[in-house]
Amino acid sequence: MSFLNLVHYKKLLLIASTQFLLRFALCIPLGADLMLSNFYFSCLVFSTVCITASGFIMNGSSLILNNNSNNSEKPLLDEILKKRTCYVFIILNLLGVGIGFIISNHIHKPDFFGFFIVFSAFLYLYTSFISKIPIISTILISIVATFPLLIIAFIDLIPAINPINQSHQTFIFSIILNYSFILFFIFLIRDLVNDILLIDSDKKRKRDTLPIWIGIKRTSHIVFCLSILVLFAVVYYNYKFFYMHTAAVFYSLCFVLAPLLLFLIKIWDSTHKNNFRFPLKLIDFVIFFGSCSLLLFPLSTI
């Protein structure tokens, strides 16, 4: 497995692009006051990517070790892989957390350094033992998936609040929170669908997941209900921000709502894990184009 695949470079690119979109397609066009220059903001994105990549490496290495459990050379492979993983994990975390420390001091909020430490520590603990806790691990990792959005608000937006701009800054912060809320449920849905697809390998690894506990059909019904919630949330925010803009509504209908509806249709009566491969691709499609929908917010100012 190449290094780029191990760090899930496509996901890292999505995280970085979403953070840049949040700044240049949402905050700046809506007239938000921001604390960071473009240089320091780029450093913040790099910090987030480094810490996230370290978590992917830890998790990926753990999966490789489990898959090699029957290999006669397992002890040697374990030792080599653990050493390499440890070195890369430490380097990426030193970069990510170190840059976070510099940024926190730059905005005169040294306490905000704690966000980076907590994020890094959670990713390590998740791979070490939290991932083995059914349901709770899925919910927690979905919450952590919103960190790249929320860190922009906490580091770049909130410190710039003053009595004059408080109302406007709070409004923009509420948009970021709403996006994070929807993102949490979409990632929760994705993780549950992925657990269904991996049900056989999880049984072999003796890892408890919701599909193993209650079965594929019941899990798919839970996913269906969560998807309905996301669907209504997307419809509501389209009406709230873009109902006067035909292009924005058309984009949302074609690239977010239509795939969500197709996803709902596909999962309702699905009882076998192979039926969920296409729905998983649909959710990835929604995540990508949902992130790109940040480009629509400049239209709301016209």
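The values are calculated or read from the model by the stated rules, or taken from the named source; none is laboratory data. These numbers were taken from a predicted model, which means no experiment stands behind them. Every residue, glycine among them, receives a Cβ derived from its backbone with ideal geometry; neighbour counts consider all protein chains shown.
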Expected single match for in a helix (DSSP H, G or I) and either out of contact with any helix residue (DSSP H, G or I) (no Cβ under 7 Å at 6 or more places or on another chain) or modelled with pLDDT of 95 or more (or both) among 189, 175 is 189
Of all residues in segment 282-295 being in contact (Cβ under 8 Å) with a residue 60 or more places away in the chain and among the aliphatic types (A, V, I, L, M), which is surrounded by the fewest Cβ atoms within 10 Å (Cβ to Cβ)?
-> 295
Considering only segment 1-57, how many residues are aliphatic (A, V, I, L, M), in contact (Cβ under 8 Å) with a residue 12 or more places away in the chain and assigned to a helix (DSSP H, G or I)?
-> 15
What number of residues in segment 123-151 are surrounded by 17 or more Cβ atoms within 10 Å (Cβ to Cβ) and free of Cβ contacts under 8 Å to residues at least 24 places away in the same chain?
-> 1
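Yes or no, residue by residue, for (1) surrounded by fewer than 18 Cβ atoms within 10 Å (Cβ to Cβ); (2) of a type in the set (Lys, Arg); (3) touching a strand residue (DSSP E or B) at 6+ places or on another chain (Cβ under 6 Å):
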position: 161; (1), (2), (3): yes, no, no
position: 172; (1), (2), (3): no, no, no
position: 175; (1), (2), (3): no, no, no
position: 193; (1), (2), (3): no, no, no
position: 203; (1), (2), (3): yes, yes, no
position: 217; (1), (2), (3): yes, yes, no
position: 231; (1), (2), (3): yes, no, no
position: 235; (1), (2), (3): yes, no, no
Is it the case that residue 266 is free of Cβ contacts under 8 Å to residues at least 40 places away in the same chain and over 22 Å from the mean Cα position of the chain (by Cα)?
-> yes
So is residue 150 in a helix (DSSP H, G or I), over 15 Å from residue 53 (Cβ atoms) and modelled with pLDDT under 90 or not?
-> no
Residue that is without any contact (Cβ under 8 Å) to a residue 60 or more places away in the chain, outside the structural domain of residue 16 (by TED's automatic domain parsing), aromatic (Phe, Trp, Tyr) and out of contact with any His (no Cβ under 7 Å at 6 or more places or on another chain), where the choices are 154, 173 = 173
Subset tally (residues that are over 14 Å from residue 44 (Cβ atoms) and either without any contact (Cβ under 8 Å) to a residue 24 or more places away in the chain or in contact with a His (Cβ under 6 Å, 6 or more places away or on another chain) (or both)) for segment 109-121 = 6
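Table: residues versus (1) farther than 30 Å from residue 298 by Cα; (2) among the acidic types (Asp, Glu); (3) modelled with pLDDT under 90; (4) crowded, with 17+ Cβ neighbours inside 10 Å.
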site	(1), (2), (3), (4)
33	no, yes, no, no
36	no, no, no, yes
42	no, no, no, no
54	yes, no, yes, yes
67	yes, no, yes, no
73	yes, yes, yes, no
90	yes, no, yes, no
103	no, no, no, yes
Say whether the condition of being touching a residue at least 24 places away in the same chain (Cβ under 8 Å), crowded, with 19+ Cβ neighbours inside 10 Å and within 29 Å of residue 215 (Cβ to Cβ) is met by at least one residue in segment 247-259.
-> yes
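Specify which of the listed residues (297, 232, 242) is of a type outside the set (A, V, I, L, M) and touching a Ser or Thr at 6+ places or on another chain (Cβ under 9 Å). If you could, list the steps in order and put the result at the bottom.
On the way: 297 fails: touching a Ser or Thr at 6+ places or on another chain (Cβ under 9 Å); 232 fails: touching a Ser or Thr at 6+ places or on another chain (Cβ under 9 Å).
Residue meeting the stated conditions: 242.
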For segment 192-218 the number of residues that are part of a helix (DSSP H, G or I), closer than 18 Å to residue 140 by Cα and of a type in the set (S, T, N, Q) is 1
Quick one: would you say residue 187 is in contact (Cβ under 8 Å) with a residue 40 or more places away in the chain, of a type in the set (Phe, Trp, Tyr) and not assigned by TED's automatic domain parsing to the domain that holds residue 59?
-> yes
Considering each residue of segment 260-281, count those that are crowded, with 16+ Cβ neighbours inside 10 Å and not in a helix (DSSP H, G or I), and give that number.
-> 1
